[in-house]
1. So if each residue of separation counts as 0.36 nm, and I subtract the Cα-Cα distance between SER386 and ILE192, what length gain in nm does that give?
2. Among LYS279/LYS391; LYS201/LYS364; LYS175/LYS201; LYS220/LYS282; LYS351/LYS378; LYS233/LYS266, which pairs are too far apart, with a Cα-Cα distance over 22 Å?
3. Identify the trypsin sites (Lys or Arg not before Pro) of region 128-209 meeting these criteria: DSSP loop state and at most 13 other C-beta atoms within 10 Å of the C-beta.
4. Quick one: length gained pulling SER278 to ALA85 fully straight, 0.36 nm per residue minus the C-alpha distance?
5. For THR120, THR295, THR251, give the ranking by accessible area with the largest first, probe 1.4 Å.
6. May I ask you to evaluate 6.51 cos²θ - 1.76 cosθ + 1.60, the Karplus curve with θ = phi - 60°, for each residue of region 114-125 and list the ³J(HN,Hα) values in order in whole Hz, giving x for glycine and proline?
7. Starting from the 7 Å offset along Cα-to-Cβ, what nm value, one decimal, do you get for the label separation of LYS207 and GLU355?
8. First select every other residue whose beta carbon is under 14 angstrom from the beta carbon of MET92; then total the charges, Lys and Arg +1, Asp and Glu -1.
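The values are calculated or read from the model by the stated rules, or taken from the named source; none is laboratory data. Quick caveat, the model's predicted, so the values are computed rather than measured. Cβ: placed from backbone, ideal geometry, glycine included. Neighbour counts: every protein chain shown. Surface areas here come from the heavy atoms of the whole protein model, side chains and all, with no ligands, DNA or RNA. Shrake-Rupley method; radii C 1.70, N 1.55, O 1.52, S 1.80 Å.
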Amino acid sequence: MAGIQVSSNLLLSKSLPSLRCRREIVGARVNAPRVHLGVVSHPKLPSRYLVDEMETRTGYPIARHDTKSSDDPRVIAKLYAIMEAVADRVEMHKNIGEQRDNWNRLLLTSINAMTLSGATMAGLAALAAEGSPLMALKLSSIVLYVAATGLLLVMNKIQPSQLAEEQRNAARLFKQLRVQIETTLALGKLDINDVNEAMEKVLALAKAYPLPLLGSMLEKFPSKVEPARWWPKQRSKQGFVGKIEGNNGWTRTLEEEMRQVVRVLKQKDLAEYIDLGSKALKLNKMLAISGPLLTILGALGSSFVGTTDCSWPVMMGVVAGAVATAVNSLEHGGQVGMVFEMYRGNAGFFKLIEENIMSNINEKDVERRENGEILEMKVALQLGRSLSELKQLAAIAECSEEFASKLF
């Protein structure tokens, strides 16, 4: 009994300090001074539901933008609606571009197979005896040549490789437009002018790269090569003659530098790609005429096989088919139409830079221009140059043969 009492006393003595500590802590918590934090308000995001809904519809993750409470919710809703339409157009142009690229490969393979089969049958007809075998081989060769000619005329008219390049450009530019709208939302201070500008850009892109073939397809063999245009026209304005030093990042030196860059773009880069586009167009026209003409000659040669002792019918039927296959492979396998569209698009890229610079320089109100330092940086990046290289280009523009762009 004594041992039990001693052990209980020991346990009690050990637990007393811990009880005192807990009592002090509780007391401190009870007697702690109250801190008044005030009312905690969470920022209102009127566009969160719109972002969630757009992500659900399109399947694309959308960047979250903390729009300011002063922005009109209707303007934000309209911009998100335009973004939704742009995301849909990206997928449409991407899918149609893949489809038309398949057209180019499948039609070329089919036409070449028919042309070579027609040439082979024309050669076999020359070796066949008179009668049914000769007539069967001749008719088969003629039918294949005529069918190849019809398909080739359609293919040369629509230029599937060029159609595919148009849709690839449209998909890329619509993606670029979507990023621009996201940037506008992120910067805030939105008004109805932002909505109108985005709508104009969408309509200009739709006009530059139409989806349907019938009625609105771009001319594949224009009489004059002009740069592609996928942006809305800007109104011409009178130049500003007042003081601009230190206003919105603009100086007289910067303005003169931008003028020199525009001069180089027009005289070197733009002119070069227009010239390359003209050469590609001439080559494409020559090949587009030669292919059907050769298949027609092959059909004529096959029709005269066996009617004369001369060898020219079989020579025409076989050789014309072989040359037609080579010509078609060069035109559509080499995608000459795509090359022409690429040159036209590059020229349009330089034209856009030129108009963007001149529209800022010709703006009378300097505060309404794009910030001069930001514009200079954007132009340098678009041309693949650093800021120092851009200044050097402007300094030697009059005596140098250097092109403005280092990208292409």
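1. So the extension gain works out to 66.3 nm.
2. LYS279/LYS391; LYS201/LYS364
3. When the trypsin sites (Lys or Arg not before Pro) of region 128-209 are filtered for loop state and at most 13 Cβ neighbours within 10 Å, LYS189 remain.
4. Computed gain between SER278 and ALA85 is 66.0 nm.
5. THR120, THR251, THR295
6. 3J(HN,Hα) across region 114-125, in whole Hz: 5, 5, 5, 5, x, 5, 5, 5, 5, x, 5, 5.
7. Label at LYS207, label at GLU355, 1.0 nm between them.
8. It works out to a net charge of +2.
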